[in-house]
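Report on one structure; see the data block that follows.
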Amino acid sequence: MIRLVDVTKSYGGEPALRNVTGEIQAGEIVVVCGPSGSGKSTLIRTINRLEPIQAGQIFVDGRDIHLSGWSVNDLRSTIGFVFQSFGLFQHLDALANVTLALRHVRGLPRKEAEAIGLAQLERFGLAGKARHMPSQLSGGQQQRVAIARALVMRPSVLLLDEPTSALDPEMVGEVLRTIEQLAGDGLTMVCVTHEMGFAKRVAKRVWLMAAGELKADVEKDMFFANDAGPDVREFLKNY
Ligand code: ADP
């Protein structure tokens, strides 16, 4: 589903990704972990072309997403993205946030888009919040609305960039549970997170980044069995 080949990126000469090569199968859930500044966020952003790359290729569903030929709308409906800081439009209520792309990218009539949006909010226990503005929602609720917004487009891939790190600790659990709820759906997910308990419960594989390199790409059980080499051992010491 996703294949990275020798992906290299720098910011003003400073390398952030160094020859990253890896593959994610359809339906797999991959947790990307690693110390701060190791390139996790840059990596996940390149998979949605939020960041350009200098060399290498990234294929999603067999298509090189950094080549022209994908319109941004096409790309963003195939690949959903959830930001650390939610990224909701503050002047739109929850339902309008969730239905915006359905209406303006997919061109669905308001009623049809709202039916889909409400069903998704309901699934997350947020139907009662549909007409609330983001400022009237807790951080956890805002992030769950943001996840609903990504899902209504029925993406084949969902990318989550530290979805719980901007939340107060008491709200982390509800967002992680929402993501776990999706794990049974067969959606391909790549999630950057420091929540190793979540990785243990939900991931199929774990990627470990360090200094812009993909240091480990291993089955979850092997990762946590401390059986995946010195880089993983060193990283897990802190957890
Ligand atoms: P992580 O997500 O693992 O914390 P990042 O991908 O955010 O790491 O950052 C990787 C490296 O790239 C770091 O050295 C960081 O300072 C640098 N970096 C990230 N974003 C930018 C940017 N927009 N401009 C310049 N440097 C950046």
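Scanning the range 194-219 for residues that are touching a residue at least 40 places away in the same chain (Cβ under 8 Å) and open to solvent by 10 Å² or more (accessible area, probe 1.4 Å) turns up His194, Met196, Val202, Lys204, Arg205, Ala210, Ala211, Glu213, Leu214, Lys215, Asp217.
Quickly run through the range 188-216 and pick out the residues that are under 30 Å from Ser77 (Cβ atoms), away from the ligand (no atom under 16 Å from the Cβ) and out of contact with any helix residue (DSSP H, G or I) (no Cβ under 8 Å at 6 or more places or on another chain).
Once the filter is applied, which keeps residues that are under 30 Å from Ser77 (Cβ atoms), away from the ligand (no atom under 16 Å from the Cβ) and out of contact with any helix residue (DSSP H, G or I) (no Cβ under 8 Å at 6 or more places or on another chain), the range 188-216 yields only Thr188.
What pairs can you find where one residue is in the range 1-21 and modelled with pLDDT under 95, the other is aliphatic (A, V, I, L, M) and open to solvent by 50 Å² or more (accessible area, probe 1.4 Å), and their Cβ atoms are less than 6 Å apart, with a gap of 6+ or different chains? Taking only residues 6 or more apart or on different chains, the pairs are Met1/Ala26.
Residues that are at pLDDT below 95, under 21 Å from the mean Cα position of the chain (by Cα) and under 17 Å from Arg144 (Cα atoms) do occur in the range 197-206, at least one of them.
Filter the range 40-55 for residues that are away from the ligand (no atom under 11 Å from the Cβ) and out of contact with any helix residue (DSSP H, G or I) (no Cβ under 9 Å at 6 or more places or on another chain) and give the result. Steps first, answer last, please.
Applying the first criterion (away from the ligand (no atom under 11 Å from the Cβ)) to the range 40-55 yields 47-49, 52-55.
Matches in the range 40-55: Ile47, Gln54, Ala55.
Suppose we keep only residues that are within 11 Å of the ligand (Cβ to nearest atom) and of a type in the set (D, E, K, R) within the range 1-17. Which one would you say is surrounded by the most Cβ atoms within 10 Å (Cβ to Cβ)? Among them, the one singled out is Lys9. The requirement of being open to solvent by less than 50 Å² (accessible area, probe 1.4 Å), touching a residue at least 24 places away in the same chain (Cβ under 8 Å), closer than 30 Å to Glu23 by Cα and in a loop (DSSP other than H, G, I, E, B) is fulfilled nowhere in the range 99-119; no residue meets it. Would you mention how many residues in the range 49-95 are among the small types (Gly, Ala, Ser), open to solvent by less than 60 Å² (accessible area, probe 1.4 Å) and either within 25 Å of Leu182 (Cβ to Cβ) or within 14 Å of the chain's Cα centre (by Cα) (or both)? Here the count works out to 4.
For the range 150-178, enumerate the residues that are surrounded by fewer than 18 Cβ atoms within 10 Å (Cβ to Cβ) and within 16 Å of the ligand (Cβ to nearest atom). Matches in the range 150-178: Ser165, Ala166. What residue, of Arg63, Arg3, Arg76, is touching a strand residue (DSSP E or B) at 6+ places or on another chain (Cβ under 7 Å) and of a type in the set (Lys, Arg)? The conditions single out Arg3.
Looking only at residues in the range 22-39 that are closer than 14 Å to Ile58 by Cα and open to solvent by less than 80 Å² (accessible area, probe 1.4 Å), which one is nearest to the ligand (Cβ to nearest atom)?
Within the range 22-39, the first condition is being closer than 14 Å to Ile58 by Cα, and the residues that meet it are 22-25.
Remaining after also requiring open to solvent by less than 80 Å² (accessible area, probe 1.4 Å): 22, 24.
Numbers: Gly22: 15, Ile24: 18 Å.
Looking at residues that are closer than 14 Å to Ile58 by Cα and open to solvent by less than 80 Å² (accessible area, probe 1.4 Å), I get Gly22.
The values are calculated or read from the model by the stated rules, or taken from the named source; none is laboratory data. Note that the structure is a prediction, hence the values are computed from the model and not measured. In this analysis, Cβ positions are derived from the backbone assuming ideal geometry, glycine residues included, and neighbour counts consider all displayed protein chains. What goes into the accessible areas is simple: the full protein's heavy atoms, side chains included, and nothing from ligands, DNA or RNA. Shrake-Rupley method; radii C 1.70, N 1.55, O 1.52, S 1.80 Å.
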